[in-house]
1. Need pairs with beta-carbon distance below 6 Å; first residue open to solvent by 60 Å² or more (accessible area, probe 1.4 Å) and within segment 43-61, second among the polar types (S, T, N, Q); sequence gap 6+ or separate chains.
2. For segment 22-131, give me every one of the helices (runs of 4 or more DSSP H) that falls completely inside it and has 2 or more residues that are modelled with pLDDT of 90 or more.
3. When segment 79-98 is examined, which residues are found to be open to solvent by 40 Å² or more (accessible area, probe 1.4 Å) and in contact (Cβ under 8 Å) with a residue 60 or more places away in the chain?
4. Yes or no: L23 under 17 Å from I128 (Cβ atoms) and either open to solvent by 70 Å² or more (accessible area, probe 1.4 Å) or in contact with a strand residue (DSSP E or B) (Cβ under 6 Å, 6 or more places away or on another chain) (or both)?
Amino acid sequence: MKIPKEMINGFFIFLGIAIFFLLMEVLNLSHLFYLRLLNVLFIFYGVNRTLQQNLAEGQTSFLPNAISALITSFVGVVCSIVALLIYSFARGGDAYVKSLSQAFMFGGEPSVMTYSLCLFFEGSASCIIVTLLLMLYWNNKYIAD
């Protein structure tokens, strides 16, 4: 059974984000919230890779490629959120999230679940924006009708 390219590239997104955040943690840079915004580059990489593979396979219809790109990015984001949940509970649960939220844009004292849910919505928005941007970039390669 062949694993779909959307799953593979979504896993590459997850690996990139996970390694990036662990590296930030090791280098004690996790308090710099603006570095966290760079994770969108990993989403760009994975989605662009999926679209390039689709084009190489001769898939030039706009809608199937857009759906493929969205699935790729959502796989990466969902895997990242699940890993964050596991990592947060391993590091102390709500106490760990409170230390994260001080450096991030949260008010109050979010729980692990609230923090993860907010990041899921943020990640979903990033997925849609990245997909739309890359579909516009590759627009001349696709058949719209």
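The values are calculated or read from the model by the stated rules, or taken from the named source; none is laboratory data. These numbers come from a predicted model, not from an experiment. All Cβ positions, even for glycine, are placed from backbone atoms using ideal geometry, and neighbour counts span all protein chains on display. With ligands, DNA and RNA removed, areas are computed over all heavy atoms of the protein, side chains included. Shrake-Rupley method; radii C 1.70, N 1.55, O 1.52, S 1.80 Å.
1. R49/N9
2. Values: elements: 33-36, 40-56, 62-90, 94-103.
By residue number, 40-56, 62-90.
3. Listed by number, the list holds a single entry, C79.
4. Details: under 17 Å from I128 (Cβ atoms): no; either open to solvent by 70 Å² or more (accessible area, probe 1.4 Å) or in contact with a strand residue (DSSP E or B) (Cβ under 6 Å, 6 or more places away or on another chain) (or both): yes.
In short, no.
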